[in-house]
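*Asks:* Below are the structure tokens for one structure; questions will follow.
Computed from the coordinates by the stated procedures, all read-outs in this text should not be read as laboratory data. Owing to the predicted nature of the structure, the values given are computational and were not obtained by experimental measurement. Neighbour counts are summed over all protein chains in view; Cβ atoms, including those assigned to glycine, are modelled from backbone coordinates with ideal geometry.
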Amino acid sequence: MAIVSTLWTQWLKMKSTSVKPKPSTVEPSEESDRSAVKSLAKALDLLEVVATAERAPTIAEAAIVTGVARTTAYRLVEALVAEGYLVQDQVDGRLSIGFAVLPLAASLLDSNRMRVEALPHLEALARRTGTRVNLGILYRSRVLYLAGVEKPSLPTIYSRFGKTAPAHCCSLGKAILAYLPEADVRTLVAATGLAAQTPNSITALKRFLRDLAETHARGYAIDREEHLLGTFCVAATIFDSRRRPVGAIGLSGSELEPLIAETPNLRHTVEVISHVL
């Protein structure tokens, strides 16, 4: 049951920060349509649990986490497997995401203007600084990676898209949160908490707010091994035309000082992308 407990915790955090749809008034004659919508919502819930699980769950485990009846879960999973959105291991029955989601993801990535405009600048910044470069946005109170370019000594790949990280302990998240109203930050923290990812993670609200104020003042955020031990990061904010934070670009490496030395290049890059957007 350990995996169920872990999945349940992750699921509650995610759902608590999602916008809940307003109740609608439906005529009795539309009962079948309403039932279809509920089934669709349950199927999407199952998909999301499988996609975010650290270990592939069984149907029973996914059903417990989402609150879907086991018989319903089996029926929905059967349909999702048939359509290619899920894959079920023939040996242990565990679920993983199927290839049918790739065209959807590719369509989103190819049409996302920030990512499309940023990619050549990310590659140029990686060459100029000799470090890995990441692009992220705030999505459901977590950092969602839209792209990543490896440092020049490694093969050039546009990776990490789709990965997420807690916003409070990575430089990308702090770079965005530093320019949001404090009330919004407090709401986010109340919903997600400040769980420690490493011994260096900031877990006290007062200290976190102070860190965001310092980020705002200096113009870039710093991750001092707060997300992953052995990895330091700095990040600067991408703004829209109204100076609202819409994303961030970060540099990561095994030492902090070389990254800080590259912050002028980093800030220039985000200014160019902000101007283009």
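*Asks:* For residue 71 and residue 180 in the same chain, what is the full-extension length gain: residue separation times 0.36 nm, less their Cα-Cα distance, in nm?
*Replies:* 34.8 nm
*Asks:* What percent do you get for the relative contact order of the range 34-79 when only Cα pairs under 8 Å and 6+ apart count?
*Replies:* That works out to 38 percent.
*Asks:* Using Cα pairs under 8 angstrom and six or more residues apart, how large is the relative contact order of the range 112-276, in percent?
*Replies:* Across the range 112-276, relative contact order equals 22 percent.
*Asks:* Under a 10 Å cutoff between Cα atoms, tell me which one of 119, 44, 80 has the largest fluctuation in the Gaussian network model of the chain.
*Replies:* 44
*Asks:* On to the next question. What's the lysine pair count for the chain at a Cα cut-off below 30 Å, pairs eight or more apart or interchain?
*Replies:* 26
*Asks:* Quick one: longest stretch of the chain between exposed loop trypsin sites (Lys or Arg not before Pro), exposed meaning at most 11 other C-beta atoms within 10 Å and loop per DSSP?
*Replies:* 56-241
*Asks:* What does the convex hull of the alpha-carbon atoms of the chain project to on average, in nm²?
*Replies:* Computed as one quarter of the Cα hull surface, the answer is 17.3 nm².
*Asks:* Could you work out how far helix 101-111 tilts from the main Cα principal axis of the chain, as a 0 to 90 degree angle to the nearest 10?
*Replies:* Between helix and principal axis, roughly 40 degrees.
*Asks:* Compute the helix-to-body angle for 113-129: its Cα long axis versus the longest principal axis of the chain, expressed 0 to 90° and rounded to tens.
*Replies:* 40 degrees
*Asks:* Relative contact order for the chain: what percent, with Cα pairs under 8 Å and sequence separation of 6 or more?
*Replies:* Computed over the chain, the figure is 14 percent.
*Asks:* Which angle between 0 and 90 degrees, to the nearest 10, do you get for helix 263-276 versus the longest principal axis of the chain when only C-alpha atoms count?
*Replies:* The two axes meet at around 60 degrees.
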